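Quick notes on the structure that follows.
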Amino acid sequence: MAQIPLLLSLQDLEQWKSASTEAINFVPTMGGLHAGHGGLFNAAAQLGTRVLVSVFVNPLQFGRGEDFERYPRQLEADLQLAASHGVHALWAPQINDLYPRGEAGLTQVLPAPELVQHLCGPQRPTHFQGVCTVVARLLALVQPKRIYLGEKDWQQLQVLKRMVLDLGLPVQVMACPTQREADGLPFSSRNTYLTGEQRQQAAALPKALAEFSICPNPGIADVVQNKETLLLQLRSCLEAAALQVEYLELVNPLSLQPLQLLETPALLAAAVRCGSTRLIDHRIL
Ligand code: PAF
């Protein structure tokens, strides 16, 4: 049977770190672990060094009216899943460990403004600040050699890569491909909010994105003539599946700035509501 990871407190973390000189590969999570996290753990375990996972539902990255209270909390199950992917230790920080002076006394990290002007940025105005702040704090306490992040949250990945670069943080960012369920829906802790019927509707999101992710070339120019046509057709596909479109954008994958023309490389990204559940997905063209 797989070895259950050590469950660490902040004090234990210090001891665990100093017990070996082996580098630490770190996977920050908010728990509710699933096969998507499993992919990150596998990648982190591949290099034969120590793998540490953190589980912390970070209040700073949830806006008012978002699902902070509802977010899955299931430490026992998280330990089991982490064990089956070779994780050595799981650190579940308390809020005081990360924010000892509370929110009012906290120095926060702002994301690069140009990276949050589009996609999830406008709808979730404080989200990426919360993400940058918690990840900077986690990195300071863990001091890992590598941090593993999923491409599923593509905008988060670009924001955090830029933060590491701009602040000169001594950590290597390792990006891991999106893990998908059999029908294409990316694994997400929020998928547990969906009813059976909504789960079927939700599958229309990856399906539509995949269908429309054809590289523009002369052969298909008459099918998908330009950016507006592409986005309009895609929107009606999503709406036909009873998904409410929050945004649907075509941007440069690194600068996250809108593309005027249908050109490659491009990030075709969407956020939709399925009932009250917000889902995101993207494709690189
Ligand atoms: O992607 C997540 O689960 C979170 O945003 C992260 C990176 C763990 C920060 O809380």
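The values are calculated or read from the model by the stated rules, or taken from the named source; none is laboratory data. What you see is a predicted model; the values in this text were computed from it and never measured. A quick note on method: Cβ atoms are made from the backbone with ideal geometry, for glycine too, and the neighbour counts reach across all protein chains shown. Just so you know, the surface numbers come from the protein's heavy atoms only, side chains and all, with ligands and any DNA or RNA stripped out. Shrake-Rupley method; radii C 1.70, N 1.55, O 1.52, S 1.80 Å.
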* Asked: Restricted to region 226-285, and to residues that are acidic (Asp, Glu) and in contact (Cβ under 8 Å) with a residue 12 or more places away in the chain, which residue is nearest to Gly150 (Cα to Cα)?
  -> Asp281
* Filtered residue count, region 56-81, keeping only those that are in contact with a helix residue (DSSP H, G or I) (Cβ under 7 Å, 6 or more places away or on another chain), within 13 Å of the ligand (Cβ to nearest atom) and over 20 Å from Glu103 (Cβ atoms) -> 1
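When you check Leu141 against the structure, is it open to solvent by 20 Å² or more (accessible area, probe 1.4 Å) and not in a helix (DSSP H, G or I), yes or no?
Criteria not met by Leu141.
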* Scan region 152-182 for residues that are without any contact (Cβ under 8 Å) to a residue 40 or more places away in the chain, part of a helix (DSSP H, G or I) and away from the ligand (no atom under 11 Å from the Cβ) and jot them down. => Lys161, Val164, Leu165
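Just checking, which of Leu149, Leu90, Leu185 is away from the ligand (no atom under 15 Å from the Cβ) and buried (at least 17 other Cβ atoms within 10 Å of the Cβ)?
Going through Leu149, Leu90, Leu185 in turn, just one is away from the ligand (no atom under 15 Å from the Cβ) and buried (at least 17 other Cβ atoms within 10 Å of the Cβ): Leu185.
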* **Members of region 104-134 that are assigned to a helix (DSSP H, G or I), of a type in the set (S, T, N, Q) and within 14 Å of the ligand (Cβ to nearest atom)** => Gln129, Thr133
* Can you pull out the residues in region 1-42 that are assigned to a helix (DSSP H, G or I), touching a helix residue (DSSP H, G or I) at 6+ places or on another chain (Cβ under 8 Å) and within 11 Å of the ligand (Cβ to nearest atom)? -> His37
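When you scan region 231-251, do you find a residue that is among the hydroxyl-bearing types (Ser, Thr, Tyr) and at pLDDT 95 or above, even just one?
To start, the set of residues in region 231-251 that are among the hydroxyl-bearing types (Ser, Thr, Tyr) comprises 236, 247.
Pick out the ones that are also at pLDDT 95 or above and you get 247.
Yes: one or more hits.
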* Asked: Pick from region 42-68 the residues that are open to solvent by less than 10 Å² (accessible area, probe 1.4 Å) and without any contact (Cβ under 8 Å) to a residue 60 or more places away in the chain: which of them is farthest from Leu139 (Cα to Cα)?
  -> Val51
* Please find, among Pro177, Pro170, Pro100, the residue that is open to solvent by 20 Å² or more (accessible area, probe 1.4 Å), more than 25 Å from Val51 (Cβ to Cβ) and at pLDDT 95 or above. => Pro100
